[in-house]
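The values are calculated or read from the model by the stated rules, or taken from the named source; none is laboratory data. Bear in mind the structure is a predicted one, so any value in this text is a computation, not a measurement. No Cβ is skipped: glycine too gets one built from the backbone with ideal geometry, and neighbour counts run over all protein chains shown.
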Amino acid sequence: MTTVGIVGAGHIGSALAKGLVDRGYRVVISNSRGPDTLTDLVAELGDNATAATSTDAAAAGDFVIVTIPLKALDQVPVEPLAGKIVIDTNNYYWERDGHIAVLDDKGATVTGLLQAHLPDAKVAKGFNHIPAASILTDGVPAGTEGRRALATASDFAEAAQLVTDLYDEFGFDAVNIGPLADSWRVERDQPAYRALYTRDELVANLDLAVR
C-alpha cells in the first residue's frame, strides 16, 4: 500500500486525504498545530489515516503533498523530502501571505519557490486551481464527455506523471504545462485559474495567460 504524506490539513489537504484513503492509499497527515488537533479528522478518515508532525509526515510518505499557506513555506521540512516527489497545491494570496517581491515582480513561480526550498526533491504543481469541495465531486470516468481537466508542471517527468495519474484516479483529465518556469500560466488571476474546463478548453486558456 502506498503511503502519502500530507503537510497541511486545511480544506484541500483534508479533501485530498479523504480521496486518497477512499482510493486505497495510506495517509499520514500533519498541520502546524500538532497531531493532537487532527484526532477528529483522522477518525473520520478511518484506519488508513494517521496524524503526525510535519517532519514525520514528510518522512513517512512514498510521495508527499504540500498544501499550506505560502507564507509558511520555510516551515516545510527539507531533509525528509530529499529524493521524493512532492506535489505542491499552493497559491499566492498577498492578502494572506504578505507581499513576496520575487512573485510580485514575476521573477519566480509559486511552485518554483517550493522547488528552491527543496533542492533535492522533485516538485510538481497539482490540484492548485480547483476548489477544495470540487476535488471529491467533479471527477468522472475517463472518456466521459465534458470531463474536467487540471494542469500540472514540473522539471521532472516522473513527478508530472505522478500528478497526471492521480488526476485520472480522481476523475480528471490532465494537461502538462511543462517546466515549473511556465507554471505561472495556471496561477491566480490567470484565465485557467479555478474555472471548470475540459482538456481542450484548459489548453486554450493556458495559451491566453499573460504575465
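Got at least one residue in the range 165-175 being more than 13 Å from the chain's Cα centre (by Cα), free of Cβ contacts under 8 Å to residues at least 40 places away in the same chain and farther than 22 Å from Tyr25 by Cα? Looking through the range 165-175, at least one residue is more than 13 Å from the chain's Cα centre (by Cα), free of Cβ contacts under 8 Å to residues at least 40 places away in the same chain and farther than 22 Å from Tyr25 by Cα. Checked across the range 118-140, the condition of being free of Cβ contacts under 8 Å to residues at least 40 places away in the same chain and in contact with a strand residue (DSSP E or B) (Cβ under 6 Å, 6 or more places away or on another chain) holds for at least one residue. Kindly check whether there is at least one residue in the range 31-47 that is on the phi > 0 side of the Ramachandran plot and small (Gly, Ala, Ser). Yes; the residues of the range 31-47 include at least one that is on the phi > 0 side of the Ramachandran plot and small (Gly, Ala, Ser). For beta carbons closer than 7 Å, sequence separation of 6+ or different chains, a first residue in the range 61-88 that is among the small types (Gly, Ala, Ser) and a second that is surrounded by 19 or more Cβ atoms within 10 Å (Cβ to Cβ) and assigned to a strand (DSSP E or B), the qualifying pairs are Gly61/Val4; Gly61/Gly5; Gly61/Val28.
Applying the criterion of being hydroxyl-bearing (Ser, Thr, Tyr) and more than 21 Å from Val140 (Cβ to Cβ) to the residues of the range 171-211, the residue that is modelled with the highest pLDDT is Ser183. Among the candidates Glu169, Glu158, the residue that is more than 21 Å from Gly8 (Cβ to Cβ), outside any loop (DSSP other than H, G, I, E, B) and of a type in the set (Asp, Glu) is uniquely Glu158.
Filtered by the rule that a residue be within 18 Å of Asp40 (Cα to Cα) and among the polar types (S, T, N, Q), the range 1-17 gives a lone residue, Ser14. Of the residues in the range 153-164, at least one is closer than 21 Å to Leu70 by Cα and hydroxyl-bearing (Ser, Thr, Tyr).
For the range 176-206, a residue qualifies if it is of a type in the set (A, V, I, L, M), closer than 22 Å to Ile12 by Cβ and in a helix (DSSP H, G or I), and the qualifying residues are Leu180, Val186, Leu202, Leu206.
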